[in-house]
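Participant: Please see the structure below; I have some questions.
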Amino acid sequence: MRLATDVLELSASALVAAYRDRRLSPVEVLRAALARIERDDPALRAFCLVDGERALGEAHRSERRWHRGAPAGALDGVPVGIKDVFPTRGWPTLRGSRAVDPAGPWEHDAPAVAALRHHGAVFPGKTTTPEFGWKGVTDSPLAGVTRNPWDPSRTAGGSSGGSSAALAAGMVPLALGTDGGGSIRIPCSFCGLPGIKPTYGRVPAWPASPFGTVAHAGPMARTVSDLALLLDVLSDPDARDWTALPPPDRSFLDGLEDGLDGLRIAFSPDLGYVTVDPEIAAAAARAAEALAVCGAHVERVDPGFSDPRDIFDTLWSAGAGRLVTDLGDPPPDVFDPGFAALAALGRSHSLSDYLAAVSRRDALGIRMSRFHCDWDLLVTPTVAIPAFAAGREVPEGWPEHGWPSWTPFTYPFNLTQQPAASVPCGFTADGLPIGLQIVGPRYGDALVLRAARAYEAAHPQPTLAVR
């Protein structure tokens, strides 16, 4: 029997291979994961719900399927953390909020959860999120403060910070995230992980996000290959999302190792307007050079748009305002004060304000569509600064207001609905992870994953999965 630390170091792909060869059992792996959660989660707060008894039942059923040589699907027996914005049958989905009634009923799975269940995945529990996923860090009045396994005094990022902390700490090999302004890419950058915000509609979503069509669902993992594997599963069609894309015509694992020869990559270190921490700027520049060594034609080119934060703020706050209305207008003191202020701002916008933002968003999308006629990919830093103190929306002494001010590289590509990944590309002098963002044209998810894998293969980064 393997030691638990060995088990927790394995990728999802390696776990499936070990189950197939009967070198490991899903029950053994799940018990190791639950032990790690019990040991580390009180300090990290990656999970807001853990249901070991139910998960062990799932693992035992998986074990029996493997013994019969009849696994349910591509992830049978693999533990997966479910971000607590995805409805999950039998568990409350509180979304980090005291305004949601825990009594439910909780009778339905979200499409991503249903796809995972269909493929035999095991669910240890639900991972933490700020209230309704509204900000780029993870803390809430309901679940407390989620911390970064690399340095627990720092934030894990957000809003999928629970998923990133669980992955980085070795609690699970896979997790679900959502990304409305960077909420997969930010925590992956801060926690030294790969993650991808797929093209909008690539992963079916239900119910629709209150933040509208800037919000994407996607995979988080510890390897790019596992991202591709999980995205294959999450792309299963679901009739409840009428905006979902047709299923892909091939696996995202196909061509993943094809490299970068001949690709045209634009490297924009600052998008033309962002102030970037010097250590992060240097790491991103080295990563861009490494892509050229891998065979790509890399040139410094800005995409040519000005900061679209006012567009994002209008659309994001309008979604928060609508959400409060849908909840029946609870008193503001029920909410995280920052979320309450965001909702109030959103409710102050006129219909004309909203439509003007939509029109400007359209123009940004057209600009990026034309940009990708000349460039296969765009690479930037993922976040402009390293992880800062946990429990804060912005770093202490930060001169600007609101979390989008320190993550200007991420939200533009929610507005344009493009696929965008973060892949680890180094560390600060304090040992904090740095991420490189890889942006592709709409529907270019496979190309983004291919580039992320090429960089990962050439420059593998250490992880904290075993500590």
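Participant: Placing unit charges on C-beta atoms (Lys and Arg positive, Asp and Glu negative, everything else neutral), compute the dipole magnitude of segment 4-458 about its Cα centre in debye, rounded to 20.
Facilitator: Roughly 700 debye for segment 4-458.
Participant: Then there is this: Please rank Trp242, Trp91, fewest neighbouring Cβ atoms within 10 Å first, as an exposure proxy.
Facilitator: Trp242, Trp91
Participant: Per DSSP H run of at least 4 residues, take -39500 (n - 2.57); add these up for the chain, divide by its residues and hand me the 222 nm value, nearest 500 deg cm²/dmol.
Facilitator: Rounded to the nearest 500, the figure is -11500 deg cm²/dmol.
Participant: Quickly work out the Ala458-to-Arg61 label distance, labels modelled 7 Å from Cα along the C-beta direction, and quote it in nm with one decimal.
Facilitator: Result for the modelled spin labels: 4.5 nm.
Participant: Quick check on the exposure proxy: order Thr129, Thr463 from fewest to most C-beta atoms within 10 angstrom.
Facilitator: Ordered from fewest to most neighbouring Cβ atoms within 10 Å, Thr129, Thr463 come out as Thr463, Thr129.
Participant: Another one. Extending each Cα 7 Å along its Cβ direction at Cys373 and Asp261, get the distance between those two points in nm, one decimal.
Facilitator: With each label point 7 Å from Cα toward Cβ, the separation is 2.9 nm.
Participant: Going by average Cβ neighbours within 10 Å, how do the peptides 12-19, 197-204, 161-168 rank, with the highest at the top?
Facilitator: 161-168, 197-204, 12-19
Participant: Multiplying the sequence separation of Arg68 and Thr243 by 0.36 nm and subtracting their Cα-Cα distance, what value in nm do you get?
Facilitator: 59.2 nm
Participant: What would the Debye equation give as log₁₀ I(q)/I(0) for the chain at q = 0.05, 0.12, 0.13, 0.14 Å⁻¹, counting only Cα atoms as equal point scatterers?
Facilitator: Evaluating at q = 0.05, 0.12, 0.13, 0.14 Å⁻¹ gives log10 I(q)/I(0) of -0.15, -0.97, -1.16, -1.36.
Participant: Can you compute the modelled spin-label distance between Ala389 and Ser352, with each label point 7 Å from Cα toward Cβ, in nm?
Facilitator: My value for the distance between the label points is 4.3 nm.
Participant: Give me the extension gain from Asp307 to Glu38: residue separation times 0.36 nm, minus the current Cα-Cα distance, reported in nm with one decimal.
Facilitator: 92.5 nm
Participant: May I ask for the distance between the Cα centers of segment 157-228 and segment 391-467, given as a whole number of Å?
Facilitator: 11 Å
Participant: Less than 14 Å Cβ to Cβ from Ala387, Lys/Arg counted +1 and Asp/Glu -1: what total charge do the surrounding residues give?
Facilitator: Charge balance in the 14 Å sphere: -3.
Participant: Hey, can you rank 419-427, 132-140 by average C-beta count inside 10 Å, highest first?
Facilitator: Ranking the peptides 419-427, 132-140 by packing returns 132-140, 419-427.
Participant: Long-range amide H contacts for Ser183: which residues qualify at under 5 Å (H placed 1.01 Å from N, peptide plane, sequence gap of 5 or more or a different chain)?
Facilitator: Here Ser159 satisfy the definition.
Participant: A further question on this structure: Please report the relative contact order for segment 261-318, taking Cα pairs under 8 Å with a sequence separation of at least 6, and give it as a percent rounded to a whole number.
Facilitator: For segment 261-318, the relative contact order is 50 percent.
Participant: Next up: Taking neighbour Cβ counts within 10 Å as the exposure measure, how do Ile82, Ile184, Ile385, Ile280 sort from fewest upward?
Facilitator: Final ranking by Cβ density, sparse to dense: Ile385, Ile280, Ile82, Ile184.
Participant: With the contact rule set at Cα under 8 Å and sequence spacing of 6 or more, what percent relative contact order holds for segment 4-458?
Facilitator: 17 percent
Participant: Something else now. Taking a ≥ b ≥ c as the square roots of the Cα gyration tensor eigenvalues, with a/c under 1.5 meaning rounded and otherwise prolate when a/b beats b/c, else oblate, which class fits segment 226-313?
Facilitator: oblate
Participant: Non-local amide H neighbours of Phe409 (under 5 Å, H modeled in plane, Pro and chain starts lacking H): which ones?
Facilitator: Those qualifying (amide H under 5 Å, at least 5 residues apart or on another chain) are Ala384.
Participant: Shifting gears a bit: Amide H of Gly177: which non-local residues (sequence gap of 5 or more, or other chain) have their own amide H closer than 5 Å, using H built in the peptide plane?
Facilitator: Those qualifying (amide H under 5 Å, at least 5 residues apart or on another chain) are Gly218, Met220.
Participant: Mind checking which of Ala12, Ile186, Ala156 is farthest towards the positive end of the chain's charge dipole, using Cβ charges of +1 (Lys, Arg) and -1 (Asp, Glu) about the Cα centre?
Facilitator: Farthest towards the positive end: Ala12.
Participant: Residue farthest toward the positive end of the dipole of the chain, with Cβ of Lys/Arg at +1 and Asp/Glu at -1: which of Ala103, Ser348, Thr380?
Facilitator: The listed residue farthest towards the positive side: Ala103.
The numbers here are math on the coordinates, done by the rules we state, and not lab data. Just so you know, these numbers come straight off a predicted model, no measurement behind them. When we count neighbours, we look across all protein chains shown, and the Cβ atoms used for this are built from the backbone with ideal geometry, even at glycine.
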